[in-house]
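Trainee: Sharing a structure here in structure tokens format.
The values are calculated or read from the model by the stated rules, or taken from the named source; none is laboratory data. Just so you know, these numbers come straight off a predicted model, no measurement behind them. Heads up, the Cβs are rebuilt from the backbone with ideal geometry, glycines too, and the neighbour counts pull from every protein chain shown. Surface areas here come from the heavy atoms of the whole protein model, side chains and all, with no ligands, DNA or RNA. Shrake-Rupley method; radii C 1.70, N 1.55, O 1.52, S 1.80 Å.
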Amino acid sequence: MSYQHRYEASLGDPSAYWAEQAEAIDWFRPPTQMAGQTDYGTFHWYADGELNISYLALDKQVAEGRGDQVALYYDSPVTRTQQAITFASLLDQVALFAGALRRKGVAQGDRVVIYMPMIPEAAVAMLACARIGAVHSVVFGGFAANELAIRIDDAEPKVILTASCGIEFDKTLAYKPLVDKALALAAHQPEFTVVYQRPQLQAELQAGRDIDWQVFQQGAKPAAAVVVKGSDPLYILYTSGTTGQPKGIVRDTGGYAVALKFALQHVYGMNPGDVWWGASDIGWVVGHSFIVYGPLMGGCSSIFYEGKPVRTPDAGAFWRVISEYRVNSMFCAPTAYRAIRKEDPQGELARAYDLSSLRWIFVAGEKLDSSTCQWLSDLLQVPVLDHWWQTESGWPMTAPMMGWPEPSEARSGSTNKPIPGYDIRILDDEGHELPDGQTGNICIKLPLPPGFAWGIWNNNERFRQSYLTTFPGFYHTGDGGYKDADGYIYITGRTDDVINVAGHRLSTGEMEEVVSSHPMVAECAVIGVEDAIKGQIPLALVVLKVDVDIAASELETQLVQRVREQVGAVACFRHAVLVARLPKTRSGKILRAVLRKMATSQAYAMPSTIDDATILPEIEDALKQAGFID
Ligand code: COA
Ligand code: AMP
């Protein structure tokens, strides 16, 4: 059956299509309801089905005879550790930790915040929560205490799971003091925290609140997987929006399980027994979907990598991992390959390894530039496949279907064709559909397929406002782009105040709040400028208050420090440029869209609402002088 036939079937009768896909997973009780709609306009799938995703990822794999197969290859060049954890062993660890959580009163629906580095215990923690129906919320380790506190106050966890430290290249970063600081800032306090003590650093434990990971598990009884409903939340994952308050994307269990099973097999072309590598971090959606749940549910061995593409110890790190574990396919953000190419432009290091196990490479998270794509495919001699998705979708929205007999070929600059279930349309600002080749807002015609977020924690109205109201009847992705005559999608970039720094999604609004809180700053705009390795990096355009006197370099140092402390190192905020004024509309709104275009050297039209057009050349000069545009 052709792509077109299957795709059309998915849009023509979504319920029938997804009822068939749902048969691919083992339900405790199969669903009788397919799609339902929430009162704020999103979709939920398989609401009355009964399942447990931890059971599907572990117990079912063992029952099918994969007990001795490796579930997770933990590879940590930063600690010189390698571990092969079988499905049987992972099941034991997860069941024990789940039992320990339950013994301390953690029950179905309770939230658990996980703030951990890329160590297998983090996967154990996630799967243990899922096992007992607790809702986990993993917070990426590169976020500062203040960001962690915001998420703690929103998710109101009963428990926080953490580790003594993370390791970035050769730096040991203490995590526990960040948790302590976050708890000092947060209004909500968990009942207890559990701390995994790594040999590199022992964290101080606060009596009465902090429990050592090993002690916590001692004498616990392994817990069986509980029955959860298809519509029960599995996790909350915070992502950047346009304001300082991150959005707690809520994922259900049933739709997500079906979508991941579908994607692993049909999109990524992975079969049980294959080795898959999601080279990301559990703090991001990729980590949830395609380091932990997806590959394990699909019976694959998943690489759990604690390192970087470069300097751990060299730019051959990825090639070593591929060859050592016979990786069949992997996912990574293009920034990693740009970093490798910078250090090893001729790809000499790759030649030292046997990479013959590799079938193809998937990339996403930010724009794949054609030069990096070409370099990578020349070097590896396998298809390099760009595909597109976001935290909200939870799984790919456009991609080649590598598990199907004739997958759509990659096309330069495109993230390929829509996946079944995604009716992608390009709309102008008034909501009219645009002809092929014209750039507009990338939207998805409702209904949304299984696995897609169905809410924002504590604030479903915000979901409606953010995604469903601009274009009634459509989900607004926040990305701009176009379609070609053959239905291939091309992403041109975000149309809002979200930027992608080294594949990490960040809010410029959040950074603006921090910069504006500096006592000498009158106002500011943070925009994304191009960076050769990270794709984008943030830049603040700052207007000082009258009568303040500070050297530009001193102000920059102070602002950099502030953003580091309040948002986190991951923001990569390093530049602030002083300007006399910011361009605004007559009603006083900063013209961010124009600034965004200017900073990325794109043509822009003079907005009719601009208050003083002479400000634009001033800004352009400031950006040129600072070396951000030519
Ligand atoms: N815990 C604590 N700190 C972290 C962290 C974590 N999990 N991840 C990143 N940081 C810190 C880094 O140490 C760095 O701090 P510094 O300013 O003190 O040096 C800062 O955040 C920025 O990190 P990053 O943007 O990752 O830069 P880098 O120079 O450390 O590495 C790359 C650059 C390209 C090698 C790296 O970004 C990479 O491998 N990216 C792959 C993309 C990816 O995984 N994307 C995920 C979404 S798909
Ligand atoms: P995140 O929610 O962190 O996964 O980030 C999602 C955003 O990353 C999308 O909305 C896009 O802006 C961007 N993105 C993801 N994949 C791609 C891609 N293949 N090409 C260009 N941008 C992408």
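Trainee: Return the whole-Å distance between the Cα centroid of the range 451-495 and the Cα centroid of the range 298-356.
Mentor: Between the Cα centres of the range 451-495 and the range 298-356 lies a distance of 32 Å.
Trainee: Can you return the aspartates and glutamates within cross-link range of Lys221? Criterion is Cα-Cα under 20 Å, with same-chain partners fewer than 8 residues away left out.
Mentor: Within the straight-line limit of under 20 Å, Lys221 reaches these aspartates and glutamates: Asp59, Asp92, Asp110, Glu121, Asp212.
Trainee: Using every alpha carbon pair in the chain, what percent of pairs falls into each 10 Å bin from 0 up to the bin containing the largest distance?
Mentor: 3, 16, 27, 28, 18, 6, 1, 0
Trainee: Going by Cα centres, the range 369-440 and the range 20-69 are how many Å apart?
Mentor: 27 Å
Trainee: Could you pull out the GluC sites (Glu not before Pro) across the range 1-56 that fall in loop regions by DSSP (anything but H, G, I, E, B) with no more than 12 other Cβ atoms inside 10 Å? Provide the component values of the computation, followed by the final result.
Mentor: Numbers: sites: Glu8, Glu20, Glu23, Glu50; in loops: Glu23.
Passing sites in the range 1-56 are Glu23.
Trainee: When the accessible area of the chain is split by element with a 1.4 Å probe, what percent falls to carbon and sulfur?
Mentor: Whole-percent figure for carbon plus sulfur exposure: 49.
Trainee: Dividing the Cα radius of gyration by the Kirkwood radius, what Rg/Rh value follows for the range 127-280?
Mentor: 0.99
Trainee: Nearest 500 deg cm²/dmol is fine: what mean residue ellipticity at 222 nm does the chain get from its DSSP H runs of n ≥ 4 alone, each adding -39,500 (n - 2.57), divided by its residue count?
Mentor: Counting only the DSSP helices, I get -7500 deg cm²/dmol.
Trainee: Which semi-axis lengths, in whole Å and largest first, follow from the square roots of five times the eigenvalues of the Cα gyration tensor of the range 419-537?
Mentor: 29, 19, 14
Trainee: With a bin width of 5 angstrom, please list the P(r) values of the range 498-625 as percents of all Cα-Cα pairs, from the 0 bin to the one holding the largest distance.
Mentor: 2, 11, 22, 23, 21, 14, 6, 1
Trainee: Additional query: Could you do me a favour and compute the accessible area per residue for the chain, 1.4 Å probe, result in Å²?
Mentor: Accessible surface, normalised per residue, equals 37 Å².
Trainee: For the pairs Lys534/Lys589; Lys171/Lys367; Lys261/Lys534; Lys367/Lys624; Lys104/Lys158; Lys342/Lys534, note any where the Cα-Cα span goes beyond 20 Å.
Mentor: Lys534/Lys589; Lys171/Lys367; Lys261/Lys534; Lys367/Lys624
Trainee: While we're here: Between the alpha-carbon centers of the range 556-595 and the range 157-172, tell me the distance in whole angstrom.
Mentor: Cα centroid to Cα centroid, the span is 29 Å.
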